[in-house]
């Protein structure tokens with residue numbers, strides 16, 4: 001593709017060289033550059049792509065895109081290489097990627113879901129409903145990416161970098177998906193990964209304190225403003241009016257047609273007569289012109305909100321009420337209220353709860369139906385929001401019958417330091433707890449102390465099948481850990 005065609009829509013760029021170059025490939029990773037490539041240098045939190053410009057040119061890049069903030073005195077450009085300078089190479093990469101893959105998101109209906117909690121479950125619910133209605137559906141999110149029933153592998157991040165994202169869209173368009181539903185993280189919005197995407201619908205689940213750190217968001221205002229961008233990009237949206245940011249979204253996205261859903265407040269779609277059991281939740285809601293009773297086999301009040309969000313989208317599309325109910329019935333989302341089957345019939349649940357609010361939700365929900373003790377095993381991730389650590393400790397100490405504080409993904413931090421910050425919160429309560437730094441030992445301790453009346457909740461890792469330590473991801477699947485402990489892997 002001609003370089004000038006790749007640059008359509010890129011803002012405030014200057015070019016030195018041949019804009020009629022035939023570009024064979026677009027890359028932001030110098031190791032993947034082939035002869036004839038356009039290399040886009042991205043400044044990340046840990047690495048600066050401008051350091052690899054010379055390496056990219058040696059590998060055959062005939063054009064390079066640089067950020068205006070780069071130190072050009074340290075960058076050596078070989079004669080004959082075309083140079084493009086932009087205000088924001090990450091944003092420019094998104095536009096270039098759209099152009100390179102032919103703006104694929106215009107060939108299907110794109111549904112974006114954002115919020116602190118519930119994104120994954122809501123996307124799975126939407127996908128299930130639309131598939132029951134006969135549509136071909138792609139999914140992009142935290143757990144994995146799918147083209148219909150085909151899993152493309154586990155995800156490394158909630159929303160892929162723009163080049164990878166547009167390539168996924170291209171594959172989905174080629175496979176003739178009718179709809180693509182994707183989780184849209186605040187980070188992807190802040191860093192312009194979804195720039196140029198043609199969103200048809202947006203969904204807002206909720207906003208809680210999370211992702212506040214030097215590598216994520218400076219404060220809650222920036223966190224919210226990042227999420228708000230989605231609703232400035234789509235013509236129609238559905239938002240949770242029980243959330244305190246509802247009115248701010250409506251005011252901040254005046255060109256978006258917004259409808260609301262809720263449990264407590266006035267809304268366009270309201271859940272009534274809610275019943276929560278130990279295995280499901282059901283409620284009444286208006287679908288089409290009739291009040292229908294909907295059942296979801298994920299217990300907890302938050303499941304009602306996720307289902308309402310999915311129903312809102314389905315209503316707008318015009319899905320038959322029976323198909324909506326079928327799509328929500330027997331929905332399974334890996335790592336979300338996931339009970340691990342075992343021969344001893346012990347209640348061992350894996351859940352992705354990694355904030356104070358999500359931990360409180362899962363503990364409160366399980367306490368209502370568990371005849372014995374609620375035993376909680378959790379830790380906190382390193383290099384992330386430190387303020388939530390004592391808050392999560394306080395929640396566990398207050399609600400769990402017994403807590404084992406352990407390691408999550410320590411990343412570059414010392415596990416003991418993270419645990420100490422959790423202890424600062426839990427020690428303020430009267431809750432019984434102990435520290436077992438090794439996560440496998442902590443899980444084994446919890447299982448060995450339980451009986452069939454108890455439930456063990458392994459919180460924090462959910463769908464993840466790795467543990468991240470000092471920049472390296474080691475295989476770690478809690479389902480396999482449980483089987484090993486119970487002697488069921490022999």
Rounded to the nearest 0.05, what FRET efficiency is calculated for residue 364 and residue 232 with R0 set to 35 Å and r the Cβ-Cβ distance? 0.50
Relative to the present Cα-Cα distance, how much length would full extension add between residue 342 and residue 175 at 0.36 nm per residue of separation? 56.3 nm
In region 1-70, what percentage of the DSSP-assigned beta bridges are antiparallel, given to the nearest 5? 25 percent
Contact order normalised by length for region 104-328, with contacts defined as Cα pairs under 8 Å and 6 or more residues apart; what percent is it? 22 percent
Work out, in µm²/s and without decimals, the Stokes-Einstein translational diffusion coefficient of region 92-186 at 37 °C, 0.692 mPa s, Rh from Kirkwood over C-alpha pairs. 249 µm²/s
So for R0 = 25 Å, FRET eff. of residue 248-residue 213 from the Cβ-Cβ r, to 0.05, ends up at 0.65
Region 280-363: radius of gyration over Cα atoms, expressed as a fraction of 2.2 N^0.38 Å: 1.24
For region 104-328: rounded, prolate or oblate by the Cα gyration tensor [a/c cutoff 1.5]: oblate
What FRET efficiency comes out for residue 277 versus residue 48 if R0 is 60 angstrom and r is the Cβ-Cβ distance? Round to the nearest 0.05. 0.70
Place a point 7 Å from the Cα of residue 79 along the Cα-to-Cβ direction; which residues of region 1-44 have their backbone N under 17 Å from it? 17-18
Roughly how far apart, in whole Å, are the Cα centres of region 56-133 and region 364-389? 36 Å
Compute the Kirkwood hydrodynamic radius of region 338-485, taking the inverse of the mean of 1/r over all pairs of distinct Cα atoms, and give it in Å to one decimal. 15.0 Å
Quick one: angle between helix 162-174 and the longest Cα principal axis of the chain, in degrees between 0 and 90, rounded to 10, please. 80 degrees
So what is the relative contact order for the chain, in percent, with contacts set as C-alpha pairs under 8 Å and at least six apart? 10 percent
If the chain between residue 13 and residue 266 were fully extended at 0.36 nm per residue, the gain over the current Cα-Cα distance would be 86.3 nm
Work out, step by step, the length gained on full extension between residue 220 and residue 484: first 0.36 nm times the residue separation, then minus their alpha carbon distance; give nm to one decimal. 90.9 nm
Give the relative contact order (percent, whole number) for region 408-490; include only Cα pairs under 8 Å separated by 6+ residues. 36 percent
Label model pair residue 71, residue 414: point-to-point distance (7 angstrom along the Cα→beta-carbon line) in nm is 3.1 nm
Over what distance in Å are the Cα centres of region 421-490 and region 324-351 separated? 18 Å
Under the 7 Å Cα-to-Cβ spin-label approximation, residue 87 and residue 448 lie apart by a distance in nanometres of 6.1 nm
Quick check on packing: order 118-130, 380-392, 143-155 by the mean number of other C-beta atoms within 10 Å, highest mean leading. 118-130, 380-392, 143-155
Averaged over all directions, how much area does the convex hull of the C-alpha atoms of the chain cover when projected, in nm²? 23.9 nm²
Quick check: the angle from helix 439-449's long axis to the longest principal axis of the chain, C-alpha only, nearest 10 degrees? 20 degrees
Which of the three applies to region 237-322, rounded, prolate or oblate, going by the alpha-carbon gyration tensor with a ≥ b ≥ c and a/c under 1.5 meaning rounded? oblate
For region 41-99, just say rounded, prolate or oblate: build the C-alpha gyration tensor, square-root its eigenvalues into a ≥ b ≥ c, call rounded for a/c under 1.5, and beyond that prolate if a/b exceeds b/c, oblate if not. oblate
How much of the DSSP bridge set in the chain is antiparallel, in percent, rounded to the nearest 5? 30 percent
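Coordinate-derived values only; no laboratory data. Only a predicted model underlies this, so the values are computations on that prediction, with no experimental measurement involved. Cβ atoms come from the backbone with ideal geometry, glycine included; neighbour counts cover every protein chain shown.
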